[in-house]
Each structure stands twice: as structure tokens, then as C-alpha cells.
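Asks: Submitted below is the structure of interest, expressed as C-alpha cells.
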């Protein structure tokens, strides 16, 4: 293989073959192809695109650049959920134990937060003792025993993706639909799952700013996953306002625990249950959404879902008492209710501004090497369509001495728009994307 | 400057400003911008193009990445010629001394051959003792005394171009009109010239395969040079058959010397005189082509042009006797006339096949680090439109023991197409490109 011939092919909008894509990715993984050739190829892909077929070959090559976890000894269906990320998105913490209660194993490998988007790993690590770095044997043992385990990406999984992502970040080639598709799908499919439900978010607090772009990405991922022999669905969901009423790390664990106990906010519960139902349907555990919701609600009401979460936390070295007595989670030094400046109705809660405010408090990362303050964040956030009274809190800030409280508060004030006239709530779930020609 | 922001701008087809282009090129020259960011930027430029204005800023930034030679103490007009390269193109060797005789200084910095295209430096180095690596002081002294000096590129001239070209070569980004324009023009304008005549070749033996592409490149270079305050013209010329009757290194010096003595082949003389005439016109030494040709032919007939060449060779350390007694130039061990297989008329002399044949003899380079055999090549080549007789030579091969003679001969046989019916000669000069709105 002569790398520049393959770059030339993509440069001239010709399709790369399976072998060519595999050789290029292998060459990059071994270091035979240097970053500068990959950078030229990446910009050519960015500008000239990739067909579904090429994207599938790319995903496969990236997945096989490292270890594909063998879960074949676990004799229940294996399924996972992936979200493209948003503010206040703690769905995974609720969904994984809940779906595991229904006889579907959830081998979830998650990421850390970067920019305004929080990471599941950071949230889990606010539970004292919780280890996201289980060995593969520990991960598989936890999965076998509890049917769910939530860890971070290991060095073995899709190493090509890790190196490539860092390169894309500094060469302005991140927002490419085929490259995002391959990057997400190669890691998820390396988990050894049979099916996958995607939560593709759009709006102010999402990576994709428009519904159209989210739709495009979702269809790409569903098509590529299907071509790779997996059952894949996607939901298009609204991320113009944060999900639920809390955003941060420990504050989100609190909300997740409350949700597992049946006391979660409506929007968060609706999305979590619908995503979980799609997983049960794809895993052939139920016939339809109605049956799925009945089963899922049953496990919440019986306490089994919360119980499952406690067990999973314990088997990860976490303190299960910290999720029973939530005061044992990290707590910020001070709480500041933010009063509504006027009577009225909430017309907007800008998820981007909320996310940036939380970052100023210390809950997020600007760079991958930054540390996160697990205690800070916001709770008791109002939702679009709700009525507020002047002087009553529209949210509560959880701050520590290192938090940039004033700057954050200014962003929160800008984020929440109150108008005199009533406002309709915003629909959260916009669309279900199925594979072409499929009815489930 | 954040390099990825500028890459993003070009990726999104927005125009880069003068300052942004300068910062990017400076960053690349100092090493602050790594090759992988330059590779991504280069592919974005390749695919999204650059305006005339951006290309001018780029040329200027690349030129100022190194030394711009100060020729202001030389009180005659300074002009140069640049050819995009072809087979048998020894025009520079004739033109530089000839134009110098007319009171125009020619500070010519040339390149080496690569691929099938021969290089002026290699041809000059077949003259025993000729040094292409004069110091700047020696170069300027020769220029001042003889009004012409022909050297190789120094490390000081446009270092950004040298590093970038090597990168483009391995990232499939060489054939980009704005990048070729900037690469050629930054080096030429660093010579400290007032005007420049470009010979942009198209056809089988040229870098640009179609006249349309040559036209595009020529207009780009004329426009960019003009925006940078220089007088620039371009000729579009046919390189489907080799120029003149010899191709190689020493054999081309022989032909150049014969031309300087008034015994050159028609096509070579026509092109050399026309390019020289444009230089005299741009330098305001003459009013029109007719006056120019009279002056130029006068210097050939008087022997002054040849005399000038001899002096230039001597001041470069070369043996002037070797161009008086041409048998002192390197000579190949054997000569092989290639007989015409049939009576007829020459319909084609494929410059690409001739070039590749000469390479097999040893006259060219596959890689920059290869060495060149100065003695090998071809001479006495027939031209399209000429009549040939079965058994008479259509060319003479000059070979050494290391030459791949049989393979080369097969290519030469394929290159020359003989047909029964008469064939019109091919026009060599297709078009003169002047700056927009100019009549000279």
C-alpha cells in the first residue's frame, strides 16, 4: 500500500475498498502511516464524505485495531445505549441497572466529560470508591453476576480511534458525520453487544446544533450498525434545555438514585423509559413498548432497579451506603438559590449557557487533563413551560470556594428566559429512527 | 493564532486574510505548526481552492520565509524566465546569456530534474567544473560582471517551500493550481527581479496534461505576479513532443551551444527567441517583438551570445574549453542509431515515452537522492511532420553500460509513430498570456 495513492483516491471523490481502508487504519495504528498523511486523508474524508459502505468498513477496521470483548459466555442478550451527550444527561446511571433487571446484559463503556458536556464516568466517580478502571476479567465477572457494569475506555479498545481523535481535534476535522459515526460505533461494537440504542441529541446543549444534522448522524449510525450485523435504533431528542432538574456530577447521581426509586423528573423518566423499552424490544424481551414500560416500571416500583444499582456500585468498589444515605456523596460548601426576577412562565432554559455556567463552577473540563469538582453543579432547575413566581428559586447553585460563582450566576440568569404569557412545554423525543425497511 | 481555527476557515471555504496566511506560514517555518496541521490545511486548500488575493498573500509569505536577494546595486533591469518543465527543454542555457547581451540581468535560480523532467542544474553540471552552488556574493558578482548567473536553490531561499513541497509530495496535494503558483513564484520573486516570463507547458511530456490546465496555471501566475508588483507574461507551449532534437544532459549542452552559435533546431530557436523577446519587452529594452528579434539575432550572429555563455561558465568554475571543444563534455560509451521501420511521415513523438526512455538510460532521477549520468540521452531526434526513410535513423541513443538499453529502445520505438500520409508540423507556441487589462 502506498498511503498517498489512497489519499489521492479519496481526494478525487473515488470510493475506497474494504482492503484499502483496513490497510490505512492498520498502518496508522502501527505507526507506519504518520500523522501528516492521516491528517490529509482526514480532511479529504471531511470534505468529500464517505458512503455507508466505506463508513462500515472504516468502523470495522477501527474496531479491529484493538480488542473486541468476547461476551459469548453470557447467555442473555447483550445491549447498550449511547448518547451523543448533553447537559444533565444521567440516563445511563438509571437505564443500565433498570434494563439489567429485565434479563438483558448491559456492558457499558463510557467516556469522560469534555467541554460543556458531562461524562458518565465523572458522575460515577462522585460515588466514594467507585472504580471505572476494572480489569476486563472484573468487568466480565460484574456483567455476568449483575448484568450491568459501567467502566471507562481501556487502552485495548479501538486504539486507532484514540490517536485519530486527538489528531482530528487539532486539524479541524471533528464534525464529520462518517468520522463521528465510525468513532462512536467502533467503540460500542467492541463491547460485544447484539443491539444498540442511540440517543442523538440536537440543540443548544448538544454537539449537533440542528435537528437536521442530528437526523443525518442518527441515520448514518443506524445504517452502519445494521450493515455490521447489529440491531440498531436511534432516538432524536431535544437538548435545547438540560435534561432533568440537576446538572453536575454528585447532584446528578442524586437525581439518578431518586429516579431509580420512582421519584425522578418527568422528562428524564420519559426518555430513560423509552430508551430502555427500545433495548428490551431489540433484545426480544418484550413484544412492544407497552409491555416494556410495564416491565420497567415494575422493577422501579419493586425497588429492584435501585437494588441492582447498589450491587453494581459495590462490585465496582463503590460505597453502596453513599447512594442510600445521599448525604455521604460529595457536597459543595454553599448553596445559592437563584431567584426568579419576575413572575411569569419559563420560555427558555439555554442548555449551552447552563453547561458553561456549570463549567465555571468547576464541574467540567476545558482540557482532558483537567480535574473535576464532583460536588458542584445545579439542582431544582425549572423547565420550559413551568410557571415561576418572583423571588422563588429557578435553580439552586452548589458552589465551592474555587467556583467562579459570580460569572456562573450571570450565565444562569441569561439562560433562563421568563415571559408573561403561558408557554407550551417542549417535546423531548422527536423521532425514532429504525433501519431502512425495518418496522422495529 | 490557533492553527485549527485557520484550517477550519479554509475547510469551510472562507477566505484567509493576509495576516492569517502570514502567521500560518511563519508558524510552519519555525516548526510551531507541525506537519499534520499543515497537511490538513493543504488538503483543504487543494479541495476548496484559493482566490488570487489569497494566493498572492501566500506567495509573499513563502517568499519572506527566507532571504529575498537584494539586486538593487545592479543598475540594469533584472528579469528571469521560468519553465514548468518538459523533455529536451534547454532554453535557459541559451536564453540567459542571450538576454544578458541585451543589457538585462538574468539572476536565474534553477532546479534539478525529477521524474521524466530534466533539470537545468543537471545539464550545467555536465560541463566539467561548473559549480551550481555559488555563494550569494559570488552569484551577485557574476551577475554584476556578466549580467547572468545560473545557480541552484540555496537553503536561504523560501525554506517554507522546500519543507512544504516534501510534505505535499507524500500527501497527494502536489497538483493544486494555487499551491503550484505560490511555490514557483515565491522562489522566482526571491531572486530580486523586476519582471518574469513564464513558459507553461502542456501535453504528454509536461506536468499539466491539458492545455486548459496549463492556461489556468499561467493565468494564476501572471495575476499573482502582477498583484505583487512585477511585470509577468506567460506563454502556453506544446510539450507533446520533446523540444529540439536532443534530450539528456551533455547532449543538451551541445545543442544549446550550437543554438548560441546560430545552428539550433527551428523549434528550440523559435521558442527561445520569443521568450527572450518578451523579457526585453517587459524590461523596456525594445518597443516590440520585431525590434527584440533583431537585437537577439544580432548577438547570436556576432558570436557575442556564445562568448557570454563561455564567460558565465568560467565564472562558475566551469571549463570554458569544454564548450568550445564539445568532445570534452562527458560522452557515452556507445551510440545506437534507431532506424525507421518504414518510409513515411512522423505523426507523433511521444514526449512522455521519450522521457521515460531517457530515464532508463540513466539521465534522470526517480528519487531526489539518485545520481544522474550526464553522458547518456538521445540526439538527432525527428520532429512531427518530417519525412523519414526506412532504415535511416529517427534518433541516436547515447548509452553507457549501466543503461537499460533494450527497455529504453522499446519505449523510443513506441514513442515515434510513422504514417504513410503527410503530416502538418505542430504549432509550438499556443498563446501569450498578459496580465488582465494589459496590452504588453
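The values are calculated or read from the model by the stated rules, or taken from the named source; none is laboratory data. All values reported here derive from a predicted model rather than from experimental measurement. Positions of Cβ are backbone-derived with ideal geometry, glycine not excepted, and every protein chain shown enters the neighbour counts.
Asks: Which of the residues belonging to segment B:412-435 are outside any strand (DSSP E or B) and within 24 Å of the chain's Cα centre (by Cα)?
Replies: B:412, B:415, B:425, B:426, B:427, B:428, B:434, B:435
Asks: Look through A:161, A:156 and report the one residue that is away from chain B (no Cβ under 14 Å) and in contact with a helix residue (DSSP H, G or I) (Cβ under 7 Å, 6 or more places away or on another chain).
Replies: Sole residue among the options that is away from chain B (no Cβ under 14 Å) and in contact with a helix residue (DSSP H, G or I) (Cβ under 7 Å, 6 or more places away or on another chain): A:161.
Asks: Please list, ordered by residue number, the helices (runs of 4 or more DSSP H) wholly in segment A:2-96 having 1 or more residues that are within 23 Å of the chain's Cα centre (by Cα).
Replies: The qualifying helices (runs of 4 or more DSSP H) are A:52-63.
Asks: Hey, among B:316, B:336, which residue is at pLDDT 95 or above, in contact with a helix residue (DSSP H, G or I) (Cβ under 8 Å, 6 or more places away or on another chain) and not assigned by TED's automatic domain parsing to the domain that holds residue B:148?
Replies: Going through B:316, B:336 in turn, just one is at pLDDT 95 or above, in contact with a helix residue (DSSP H, G or I) (Cβ under 8 Å, 6 or more places away or on another chain) and not assigned by TED's automatic domain parsing to the domain that holds residue B:148: B:336.
Asks: Next question, about the same structure. State whether one or more residues within segment B:202-209 are away from chain A (no Cβ under 14 Å), within 17 Å of the chain's Cα centre (by Cα) and surrounded by fewer than 19 Cβ atoms within 10 Å (Cβ to Cβ).
Replies: Yes, because at least one residue in segment B:202-209 is away from chain A (no Cβ under 14 Å), within 17 Å of the chain's Cα centre (by Cα) and surrounded by fewer than 19 Cβ atoms within 10 Å (Cβ to Cβ).
Asks: Determine whether segment B:54-76 contains at least one residue that is at positive phi, in contact with a helix residue (DSSP H, G or I) (Cβ under 7 Å, 6 or more places away or on another chain) and either more than 14 Å from chain A (Cβ to nearest Cβ) or surrounded by fewer than 23 Cβ atoms within 10 Å (Cβ to Cβ) (or both).
Replies: No, that holds for no residue.
Asks: Check off (1) more than 13 Å from chain B (Cβ to nearest Cβ); (2) closer than 16 Å to residue A:161 by Cβ; (3) at pLDDT 95 or above for residue A:31 and give me the number that stays unchecked.
Replies: Against the list (1) more than 13 Å from chain B (Cβ to nearest Cβ); (2) closer than 16 Å to residue A:161 by Cβ; (3) at pLDDT 95 or above, residue A:31 comes up short only on (3).
Asks: Could I ask something else about it? Quick one: what pairs do we get from segment A:419-436, first residue more than 23 Å from residue A:266 (Cα to Cα), second in a loop (DSSP other than H, G, I, E, B), C-beta under 9 Å, 6+ apart or different chains?
Replies: From segment A:419-436, the pairs are A:420/A:342; A:420/A:343; A:434/A:440.
Asks: Can you tell me which residue within segment A:102-116, out of those that are part of a loop (DSSP other than H, G, I, E, B) and in contact with a strand residue (DSSP E or B) (Cβ under 9 Å, 6 or more places away or on another chain), is nearest to residue A:241 (Cα to Cα)?
Replies: A:113
Asks: For segment A:345-364, give me each residue that is farther than 19 Å from residue A:201 by Cβ and not in a helix (DSSP H, G or I).
Replies: A:345, A:346, A:347, A:362, listed by residue number.
Asks: I'd like to verify a number: residues in segment B:174-194 that are more than 16 Å from the chain's Cα centre (by Cα) and outside any helix (DSSP H, G or I), how many?
Replies: Residues flagged as more than 16 Å from the chain's Cα centre (by Cα) and outside any helix (DSSP H, G or I) within segment B:174-194 amount to 7.
Asks: Filter segment B:1-24 down to residues that are away from every other protein chain (no Cβ under 14 Å) and under 26 Å from residue A:176 (Cα atoms), then give me how many there are.
Replies: So the count comes out to 3.
Asks: Of the residues A:315, A:302, only one is farther than 21 Å from residue A:233 by Cα and surrounded by 15 or more Cβ atoms within 10 Å (Cβ to Cβ); which?
Replies: A:315
Asks: A follow-up question, please. Checking residue B:388 against (1) under 23 Å from residue B:253 (Cα atoms); (2) surrounded by 17 or more Cβ atoms within 10 Å (Cβ to Cβ), only one condition comes out false. Which one?
Replies: (1)
Asks: Based on this model, can you work out whether residue B:198 counts as closer than 30 Å to residue B:284 by Cβ, in contact (Cβ under 8 Å) with a residue 40 or more places away in the chain and either outside any loop (DSSP other than H, G, I, E, B) or more than 14 Å from every other protein chain (Cβ to nearest Cβ) (or both)?
Replies: Spelling it out, residue B:198 is indeed closer than 30 Å to residue B:284 by Cβ, in contact (Cβ under 8 Å) with a residue 40 or more places away in the chain and either outside any loop (DSSP other than H, G, I, E, B) or more than 14 Å from every other protein chain (Cβ to nearest Cβ) (or both).
Asks: Sticking with this structure for a sec: Can you name the condition, by its number, that residue A:95 falls short on among (1) in contact with a strand residue (DSSP E or B) (Cβ under 9 Å, 6 or more places away or on another chain); (2) surrounded by 22 or more Cβ atoms within 10 Å (Cβ to Cβ); (3) outside the structural domain of residue A:125 (by TED's automatic domain parsing)?
Replies: (3)
Asks: Also, quick follow-up: Filter segment A:164-173 for residues that are buried (at least 18 other Cβ atoms within 10 Å of the Cβ) and assigned to a helix (DSSP H, G or I); which is nearest to the other protein chains (Cβ to nearest Cβ)?
Replies: The selected residue is A:167.
Asks: Give just the number: which of (1) touching a strand residue (DSSP E or B) at 6+ places or on another chain (Cβ under 7 Å); (2) surrounded by fewer than 24 Cβ atoms within 10 Å (Cβ to Cβ); (3) assigned to a loop (DSSP other than H, G, I, E, B) does residue A:121 not satisfy?
Replies: (3)
Asks: Tell me whether segment A:38-50 contains one or more residues that are surrounded by fewer than 23 Cβ atoms within 10 Å (Cβ to Cβ) and more than 12 Å from every other protein chain (Cβ to nearest Cβ).
Replies: Checked segment A:38-50: no residue is surrounded by fewer than 23 Cβ atoms within 10 Å (Cβ to Cβ) and more than 12 Å from every other protein chain (Cβ to nearest Cβ).
Asks: If we keep just the residues of segment A:234-254 that are over 14 Å from the mean Cα position of the chain (by Cα) and surrounded by fewer than 24 Cβ atoms within 10 Å (Cβ to Cβ), which is farthest from residue A:426 (Cα to Cα)?
Replies: A:254
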